[in-house]
Every structure is written in C-alpha cells, then in structure tokens.
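What follows is a short report on a single structure.
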Amino acid sequence: MTARGATTPPVPDVFDPRLYAAGVPHERYRVLRDHHPVAWQEEPGVLGWPAGPGFWAVTRHADVVRVLKDAATFSSYLGATQIRDPDPGDLPFIRRMMLNQDPPGHGRLRKLVSRAFTPKRVARFEERARGRARALLAAGLEEARAADGTFDVVTAVTDDYALLNLADLLGVPPADRGLLLHWTRRVIGYQDPDEAAETAGAAETGGAAEAAPTSYRPSGAPATPVTPVDPRSPAMLSDMFDYARALAAYKRDHPADDILTTLATDAGLATAELEMFFFLLTVAGNDTVRSAAPGGLLALAEHPGAYEQLRHGTVGTATAVDELLRVHPPVLSFRRTAARDTELAGVRLAAGDKVVVFHAAAHHDERVFADPHRLDLARSPNPHVAFGEGPHVCLGAHFARLQLRVFHEEVTRALPALRLAAPPRRLVSHFINGLKSLRLEVPA
C-alpha cells in the first residue's frame, strides 16, 4: 500500500516483449501488485506487429487464480489465450484447440485425450528419460573439454532432452523429430526477431520439410510461409497438420503403445480435433520442459548454496522442482476475455475486455509466498500456477515433473558445480519464459 501522503507510482509497461530479453521485470510486477493489481496496459505496435486495443494485467496470486478458475466469467473461447488478438478470420480455426475452449466443450475434449495420458504410460518413461539425460550431459561435457571448457546446455542438452522425450511419448519416428523442434520454435519464438528469421530461413531452404520422410508426409505438402504471419493462422500450421494426418493414418495401420496411436484410433476425435491436439502436444508438451529445464539450472547457478543442498540430498528433488518452476515458470502470461461485466480487485471490467494473468508476478506475491525472491528448494506449501489452475490445468504436468526431476538428478551427478560462462540469452517474448542460450563452465 502507498503510505499516506505518498504519490502512487505510475503503471509500468509489462507488455513489450523486448523487456523480457533482459529478464523477467520483477520490479515492475511488484509495483503492479502493490499499487495496481488489475492495471490497464496499452498495446502499441511493436516488432512489426500492429497495435491492439489494450488489456488488463492481473498480477496478484489470488486474482490470477480466480481468473484461471472462473471460466464462466473469464473465457478462453471468446478471444483465445494469447495477448495479441488473432485475425478475426482465424478465430474459428483457433477455437478448435482445447486450450481455446470453455466448458462444457473443453471438458469433452479433455476427457477424450486424458485417456492417452495415463500415469502408467508416463511412468514407464522414467528409465528412458534418465538414460537420455545422462547421455546428453556426458556428450556436452565431452564437447566442453575438447573446446574451451564451456558448453551451451540449451543447444547441447535441454532442447534435445525435451524434444526426444516428447517424440517418444507421441510416437514420432526418429527421422522426423527435428520437425517438432522446428515447429515449436516457429510458434513459440515468433516475437523474437532471431528465432523468426531462423525458422523462416529453414522453411525457405526446405530444411525442415526435407526432414520428413515421404511415408509420413504427403507429397506436395505446402511449404512453410516465409513472410511473417501469426503462427496460429491456418497458413502457418498447414505443414504441421498435413504431417499429423499422415502420421495418424500410419498409426491406424501400424498401432503402437504411444499417444498418437491412442488419439488416432481410440479417442473418438474428428480429424480437425486430432490436428489441433497434435499442435498443442507438440508445442506445449515440448516447450514446457524446454523452457523450465535450463531456467531451473540458471536459478541454481545463481544460488550455489541451493545447488549444494540439492547435490547432497538435503532437499528432495521433487520438492525442488516445484520451487524451480515457481521462480522460472515456463509460461509468463495467459489471456482470457471477460464474458460479462464484472469486478476484479475493485476494478470494473467490461464484457469483451482482455484480461491477462502474469504467472511470474503471481509467483512472487508476498501475500502468498514468504520471501518470494529467495530460492527455497524445500518450500512447502508451494501453490505456484506454473501448470495453470482450474479447468485448463496442464494435462501433462505429471510428465513434465517426471522429466524435470530426472533431469536435475542427473545434472547433480554430472556437475559438481554450476557456473555461468556467459550471461544467458533470453527469448524476446511476453508469453514464454525461454532461454536461447545458457553457457556453463565445466569444472576441470
């Protein structure tokens, strides 16, 4: 609260995606939580994208949870779930995805796909994930010792770790797995000029498309557009959907114990629904771990005492993973649209207003988390919202937690210390809390 006679500080901008390349703007979030918990944000044109109408930023934990739980008031369907408004012509297409639906339609789709995410199916991946983490870390350390004593854990380890685990669960053939990373980067990194240029360049040269064998990719599939467009548009997703249909057809003829076989044969999904599930699982399933794994290492490198606790078993890895997700949530923001006139934290919202929750702000709310900027690997309770809350809570949260727990257990075995060799390079995005590079020193 502002002291009597003091001036209320102005509302800081937390929209510009370029802010996040320098780090999560925690001081701006604190100002919002303390003085403007539901604050109007302008939405100027930036990075070549047009201006928008503006939105309400929600930063306190209690208000974030309320918005995420109350789907009747705060809709995922009306305007979808990204801050930027989609093209009106694309909105019906975008609404096919479970992420952009409200109950009861959302519940029907969630029930159908939940049969594929059985705990037994997920649990059996632990041994495979552990071997993969161990092998990738060993290769990264070997690379470092043969070079300058450093390696980029993102490109050497975590990108492949997340990608290959997801590909196994989905049932994507080994030769096609580079496509999943290409599609993820194209969708997640569209705000980042470096990422957008790199994925557009791959499409222009045919690099990504050529990776798909003809047995899974129909001949004559359209090439990925080179000109920047919204990655949620039908034009930007046509190659992914072509692949999803072809792979689903293959799975019907050659069933296996994987999620895509279940979706293609047992889930009762229409073709359009299956395409959207493939999109959602490919992008969200990959990037959650792809962002959280290096983000957790960065937090531990910045808190060497906490890393020592983890190495020596003073704290449990499962509890530590939740704290690392709190301090580095993979998703920074999610948008809802007010379905009716309402009030939130004393602020009147009109039907049709955009309402955006900021996860990292909620995770550092002193009203809920004691000393929130301290990394406490034993923190309990830890009501973070890294996997959402309410009807849209992440279906694959247990799979993500398993991967992160195994990953950090293997890191503590492979590296006696975590030392940064260079500042991290962060994704330009107000949506995904991504790291493009995290270079570590390898102890002699």
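The values are calculated or read from the model by the stated rules, or taken from the named source; none is laboratory data. Model, not experiment: these values are computed from the prediction. Every residue, glycine as well, gets a Cβ built from its backbone with ideal geometry; the counts of neighbours run over all protein chains shown. The protein model used for the area step is the full one, side chains on, heavy atoms only, and it has no ligands, DNA or RNA in it. Shrake-Rupley method; radii C 1.70, N 1.55, O 1.52, S 1.80 Å.
Worth pointing out:
- Under a Gaussian network description of the chain, with springs only between Cα atoms under 10 Å, the residue in PRO92, PRO330, PRO424 that fluctuates furthest is PRO92.
- Put a plus charge on the Cβ of each Lys and Arg, a minus charge on the Cβ of each Asp and Glu, and nothing anywhere else: the dipole of the chain about its Cα centre is then about 1020 debye.
- In the chain, the DSSP-assigned H stretches of four residues or longer account for a calculated mean residue ellipticity at 222 nm of -14000 deg cm²/dmol, using -39500 (n - 2.57) per stretch and the full residue count as denominator.
- 34 Å tail of the calculated P(r), the chain, as % of Cα pairs: 31
- Of VAL315, VAL393, the residue with the largest accessible area leads and the full order is VAL393, VAL315 (1.4 Å probe).
- Residue by residue, segment 174-188 carries 3J(HN,Hα) couplings of x, 5, 9, 6, x, 4, 4, 5, 4, 5, 4, 5, 5, 7, 6 Hz when phi is fed to the Karplus relation 6.51 cos²θ - 1.76 cosθ + 1.60 (θ = phi - 60°); x denotes Gly or Pro.
- Sparse-neighbourhood loop sites, trypsin sites (Lys or Arg not before Pro) in segment 75-106 - DSSP loop, at most 10 other Cβ within 10 angstrom: none
- The GluC sites (Glu not before Pro) of segment 257-342 that meet both conditions, a loop assignment by DSSP and at most 15 other Cβ atoms within 10 Å of the site Cβ, are GLU302.
- Model label sites at ALA318 and SER380, defined 7 Å from Cα along the beta-carbon direction, differ in position by 0.9 nm.
- Sites listed here are GluC sites (Glu not before Pro) in segment 326-419 whose DSSP assignment is loop and whose Cβ has at most 16 other Cβ atoms within 10 Å: GLU366.
- Inter-site label distance for ALA175 and HIS398 at 7 Å from Cα along Cβ, in nm: 3.5
- Summary of the geometry: segment 72-105 and segment 284-344, compared by the centres of their Cα atoms, lie 26 Å apart.
- Modelled FRET efficiency - R0 25 Å, GLU126 with ALA417, Cβ distances, 0.05 increments: 0.45
- For segment 381-444 and segment 137-189, distance of Cα centres in Å: 14
- In this calculation the C-beta distance from ALA139 to ASP257 is compared with R0 = 41 Å, giving a FRET efficiency of 0.90.
- The chain: relative contact order in percent, alpha carbon pairs under 8 Å with at least 6 residues between: 26
- Contact order for segment 133-188, expressed relative to its length and based on alpha carbon pairs under 8 Å spaced 6+ residues apart, stands at 27 percent.
- GNM flexibility winner over the chain from ALA320, ALA146, ALA339 (Cα, springs under 10 Å): ALA146
- Length-normalised contact order for segment 1-149 - Cα pairs under 8 Å, 6+ apart - percent: 12
- Placing ARG245, ARG121 in order of accessible area, with the largest value first and a 1.4 Å probe, yields ARG245, ARG121.
- Interchain or long-range residues, amide H under 5 Å from LEU344's placed H: LEU349
- Mean accessible surface per residue for the chain, computed with a 1.4 Å probe while every protein chain stays in place, in Å²: 40
- Look at the dipole of segment 1-94 built from charges on Cβ: of GLY52, TYR29, SER76, the Cα furthest out on the positive end belongs to TYR29.
- Of all lysines in the structure, those lying under 26 Å Cα to Cα from LYS354, and not within fewer than 8 positions of it along the same chain, are LYS69.
- Nonpolar atom fraction for segment 332-405, defined as the carbon and sulfur part of the 1.4 Å probe accessible area, stands at 50 percent.
- Two-site FRET efficiency, ALA62 against LYS111, from Cβ-Cβ distance with R₀ of 30 Å, rounded to 0.05: 0.55
- Choice from SER114, SER380, SER75 with maximal GNM fluctuation in the chain (Cα, 10 Å cutoff): SER380
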